[in-house]
Each structure stands twice: as C-alpha cells, then as structure tokens.
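Visitor: Below you will find the structure I want to go over with you.
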Amino acid sequence: MTQLPNIMTLLRIAGSLGLLLCDVTGVTYWLIYAFCGISDIADGWLARKLKSVTKTGALLDSVADICFVACGAWKLMPILELPQWLWLWAGVIVAIKVVNQLSALVMYRHCHFPHTTANKWAGFLLFIAVPMTFWSIIPITIVASVATLAAIHEGCVLARAGLHHTVTRSI
C-alpha cells in the first residue's frame, strides 16, 4: 500500500508518453490528460496520507511532471495558435528552471526539485488552463505569470538551502 503513490506516478509517466500516440482532438487524449492531471494531485496527497513520502517519490513526481508538460506541449504546440511572445515567455520560464537545476548541480552535486506551494499552484493552474487555451489566451497568460514567480521562488529556495548547507557543513 505504501508504494501506491509511486505506482500512480509511474502510471502518469506512462500516460504522458501515451499522449504522444493520441490525436489531440480525440476523447482518448483528453481522458489520459485528465488522468495525468488528477493523478499528479492525488499521488502527493496519498503519499502524505499513507506517511510514505520519500525523496525518491518526490524526484519521481518531478520527472513525471516534466514528462507530462513536455508530452502535452509537444502535441499541443502545432495546433494552439498562441502569440510568439507567449512561446518566448514559456522559454524564459524553462530557462529559469534550467538555471535552477544547474545551480543545484553545482551546490548539491545533484538535481533538486523543491515542491513549493508556488510550483504546485503553477502545475495545477497549467492543468486546468490548457483546455481553456483553445478559446482564450488569458488563462494561459495567468499561468505563465504564476509559473514565472514559481520558477524564481524555486531558485530562491535552492539558494537558501545552499546557504544553509554551506553553513551547516562548515561548522
């Protein structure tokens, strides 16, 4: 029972990859999309409820999140008619997150994905805003704003943790 959250996360990775095989205009795509989004919310909640939160589970969750966003974006990019500035903004968010991870590699010698409240909100809002993007770019613009703040906050969390790690190690 304690492995159930990790099993859900692995199923989200499989579902994300399954999105690549589906037609975005079909029901199957959106059912898998809904499963992936709901399982993203449920696996963390379940891990806390079962007291089975682990570093491996948190890392696996981050990998599943990246996989879900990447596979969803890959399928949606050709059909969403978003302005170029919005795609550039998404690129800036990705760049901030890459810099955060490169910094973590330097500081910790491994990647570190903080599960901040801001990151959770950005993920949740992205999940619900993507289907709305077919009608309006306002929801995805709001998500981009929250995701930008979340990425910057993530960098601050990593920097603070690095400072704490350095002080603790030197004592």
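Visitor: For segment 65-140, just the Cα atoms, rotate onto the principal axes and tell me the three extents in Å, largest first.
Guide: Largest first, segment 65-140 extends 43, 23, 19 Å along its Cα principal axes.
Visitor: To continue, here is another question. Just from its helices, what would the mean residue ellipticity at 222 nm be for the chain, if runs of 4 or more DSSP H residues each count -39500 (n - 2.57) and the sum is divided by every residue, rounded to the nearest 500 deg cm²/dmol?
Guide: Working: 6 runs with 135 residues, N = 171.
Mean residue ellipticity, 222 nm, calculated: -27500 deg cm²/dmol.
Visitor: How long are the semi-axes of the ellipsoid equivalent to segment 1-94, from square roots of 5 times the Cα gyration tensor eigenvalues, in whole Å, largest first?
Guide: 27, 16, 9
Visitor: Could you derive backbone 3J(HN,Hα) for segment 141-158 from the dihedral phi with the Karplus parameters 6.51, -1.76 and 1.60 (θ = phi - 60°), listing whole Hz in sequence and x where the residue is Gly or Pro?
Guide: Calculated HN-Hα couplings, in order: 5, 4, 4, 4, 5, 5, 5, 5, 4, 5, 5, 5, 4, 4, x, 5, 4, 5 Hz.
Visitor: Follow-up question, since we're still on this one. Could you pull out every one of the aspartates and glutamates with an alpha carbon less than 17 Å from that of residue 49, ignoring same-chain neighbours closer than 8 positions?
Guide: Excluding near neighbours in sequence, the set is 40, 61.
Visitor: Apply the Karplus curve 6.51 cos²θ - 1.76 cosθ + 1.60, θ = phi - 60°, to the phi angles in segment 22-35 and return the couplings in whole Hz, x for Gly and Pro.
Guide: Karplus-based 3J(HN,Hα) across segment 22-35 equals 9, 7, 4, 7, x, 5, 4, 4, 6, 5, 5, 4, 4, 4 Hz.
Visitor: Order these peptides, 59-71, 133-145, by their mean beta-carbon neighbour count within 10 angstrom, highest first.
Guide: On the way: 59-71: 19.2, 133-145: 15.5.
Top of the packing list down: 59-71, 133-145.
Visitor: Also, quick follow-up: Does anyone have the angle between helix 117-132 and the longest principal axis of the chain? Alpha-carbon axes, 0 to 90°, nearest 10?
Guide: 10
Visitor: With bins 5 Å wide starting at 0, give me the P(r) of the chain over every alpha carbon pair, in whole percents.
Guide: P(r) for the chain, in whole percents per bin: 1, 8, 15, 19, 19, 17, 11, 5, 2, 1, 0, 0.
Visitor: Quick one: Karplus J couplings for segment 71-85, per residue in order, coefficients 6.51, -1.76, 1.60, θ = phi - 60°, nearest Hz, x for Gly and Pro?
Guide: Taking θ as phi minus 60°, the curve returns 5, x, 5, 4, 6, 8, 3, x, 10, 7, 9, 9, x, 4, 4 Hz for segment 71-85.
Visitor: Charges at C-beta only: +1 for Lys and Arg, -1 for Asp and Glu. How large is the resulting dipole of the chain about its Cα centre, in Debye rounded to 20? The partial results should precede the final answer.
Guide: Values: 11 positive and 7 negative charges, 135 e Å.
For the chain, the charge dipole is close to 640 debye.
Throughout, read-outs are computed from the coordinates displayed, never taken from laboratory work. Keep in mind that this is a model prediction, so the values were computed, not measured. Positions of Cβ are generated from backbone atoms using ideal geometry, with glycine treated the same way; all protein chains shown enter the neighbour counts.
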